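Everything on this sheet refers to the single structure shown next.
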Amino acid sequence: MNTPAIRDTYAVSKVGGRHRLPPLPYAVDALEPCIDARTMTLHHDTHHADYVTKLNTALLDVPELQDASALWLLCNLNEVPRESRAAVHHSAGGHVNHSLFWESMTPDSNGEPQGPLRDALRQSFGSIATFKEDFEAAGAKHFGSGWVWLVAAPESKRSMNIVTTVGHDNPAMKGLVPLLLNDLWEHAYYLRYANRRDDYLNAWWTVVDWNEVGRRFADFDKASPR
Ligand code: MN3
């Protein structure tokens, strides 16, 4: 399967054939009060780091896949030998999703989508407010660990959807193009929000990097046939 048109930057970033943990693009306390510094530190420095370590460990047994990006591995699990597949699945997914997640947020959020992204969101959901409500509701009702996503489909161009995935699965595994994602694992919010996942989802809009989401949409718009 071809890897869908999503930018594969940090997910592909490797040193000497080893996957590496990308640095956070801001200070650990930069997204306070929405995301507290301790949560950010644990989330990036232990959880994400652990996925990278486990991915590199799993690939020691599969030297023929040493040059593959984490995104490619996730989208081509059939190419991974059966005995390594589960470890590569979970760790590559964790690495790809968290890499996209850090880049989806900024301390300088402008609060609202702009331009063609805004138009496509309005066309798909009726209004930006409705999109946000639907995204929060999908994330709140998802059972257990997973992610909530805004996705586009190559065949339907301007028609966007909200989906959730279990574990660290990524919609790219089904050929969809991820534009925005939020982490529904308890490690993402529990220290500050306890069991109030809906409060976390609602507060999260204050740190979304709509410029970055707009760039992802522009890449997709350029790459896909109308
Ligand atoms: Mn996480």
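Multiply the residue separation of R196 and K174 by 0.36 nm, subtract the distance between their alpha-carbon atoms, and state the gained length in nm to one decimal.
Once the chain is fully extended between R196 and K174, it gains 4.9 nm.
For the chain, what does -39500 (n - 2.57) per DSSP helix run (n ≥ 4), summed and divided by total residues, give at 222 nm, in deg cm²/dmol to the nearest 500?
Calculated from helices alone, the mean residue ellipticity at 222 nm is -12500 deg cm²/dmol.
Distance between Cα centroids, the stretch 30-73 to the stretch 142-182: provide it in whole Å.
Cα centroid to Cα centroid, the span is 20 Å.
On a full-extension model of 0.36 nm per residue, what is the gain between D108 and L42, subtracting their alpha-carbon distance, rounded to one decimal in nm?
Contour length minus Cα-Cα distance gives 21.5 nm.
At q = 0.11 Å⁻¹, work out log10 I(q)/I(0) for the stretch 146-225 with the Debye formula, treating every Cα as an identical point scatterer and leaving solvent out; two decimals please.
So the normalised log intensities are -0.33.
Output the peptides 70-79, 36-45 sorted from most to least packed, where packing is the average of other Cβ atoms within 10 Å over each peptide's residues.
70-79, 36-45
Name the most mobile residue of V96, V208, V166, meaning the one with the largest mean-square fluctuation, in a Gaussian network model of the chain with Cα contacts below 10 Å.
V166
What distance in nm separates the simple spin-label points at A223 and A49, each placed 7 Å from Cα in the Cβ direction?
3.1
Cα gyration tensor of the chain, axes a ≥ b ≥ c as square roots of the eigenvalues: rounded (a/c below 1.5), prolate (a/b > b/c) or oblate?
Taking the square roots of the gyration eigenvalues as a ≥ b ≥ c, the chain is oblate.
Please work out the FRET efficiency for the pair K141 and T206, using the Cβ-Cβ distance as r and a Förster radius of 25 Å; give the result to the nearest 0.05.
With R0 = 25 Å, the Cβ-Cβ based efficiency is 0.70.
Coordinate-derived values only; no laboratory data. Note that the structure is a prediction, hence the values are computed from the model and not measured. Ideal geometry is used to build each Cβ from the backbone, glycine not excepted, and the neighbour counts take in all protein chains shown.
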